Amino acid sequence: TVSVRPRPRNPLAVDLDFLENLPVMHSTLATAALMNCLLNTKGRVPPTQDLLIHADLERMAHMHFFCLSTAADLLACEDEEQQAQQQQQQAQEASQGANR
């Protein structure tokens, strides 16, 4: 067992600053995993900690869905770039074939 004095107000507190500074994809995965962990803990701790956990869950849910939508936008942009590159490459190959 670990003994800490004085007792922390919320030993399960989430470091949201850390999560905000992760790359988007990492933050998306980390928030989902931490929310799952806290959801499994909810109801198994004293009521005062349960309220603090609930507050962290709300903030992480907002962060998670923001990161999720940002990640989706980034992936869509990457797909568009890849398609543009493929079309350009096909055009170059077609023009080289026509010049032969």
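The values are calculated or read from the model by the stated rules, or taken from the named source; none is laboratory data. All values reported here derive from a predicted model rather than from experimental measurement. So basically every Cβ, Gly included, is an ideal-geometry build from the backbone, and we count neighbours across all protein chains shown. Accessible surface is based on the protein model in full, side chains and every heavy atom, while ligands, DNA and RNA are left aside. Shrake-Rupley method; radii C 1.70, N 1.55, O 1.52, S 1.80 Å.
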How many residues does the stretch 14-28 hold that are surrounded by 10 or more Cβ atoms within 10 Å (Cβ to Cβ) and either part of a helix (DSSP H, G or I) or touching an Asp or Glu at 6+ places or on another chain (Cβ under 7 Å) (or both)?
10
Residue satisfying condition, being within 12 Å of Val24 (Cβ to Cβ), out of contact with any Lys or Arg (no Cβ under 9 Å at 6 or more places or on another chain) and without any contact (Cβ under 8 Å) to a residue 12 or more places away in the chain, within set Leu75, Leu68
Leu75
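Residues checked against (1) on the phi > 0 side of the Ramachandran plot; (2) out of contact with any Ser or Thr (no Cβ under 6 Å at 6 or more places or on another chain); (3) among the polar types (S, T, N, Q); (4) open to solvent by less than 100 Å² (accessible area, probe 1.4 Å):
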residue: Arg9; (1), (2), (3), (4): no, yes, no, no
residue: Ala30; (1), (2), (3), (4): no, yes, no, yes
residue: Cys37; (1), (2), (3), (4): no, yes, no, yes
residue: Phe66; (1), (2), (3), (4): no, yes, no, no
residue: Gln83; (1), (2), (3), (4): no, yes, yes, no
residue: Ala91; (1), (2), (3), (4): no, yes, no, yes
Answer yes or no as to whether Glu58 is at pLDDT below 85 and in a helix (DSSP H, G or I).
no
Which condition from (1) open to solvent by less than 70 Å² (accessible area, probe 1.4 Å); (2) assigned to a helix (DSSP H, G or I); (3) at pLDDT below 90; (4) of a type outside the set (Phe, Trp, Tyr) is the one that Gln96 breaks?
(1)
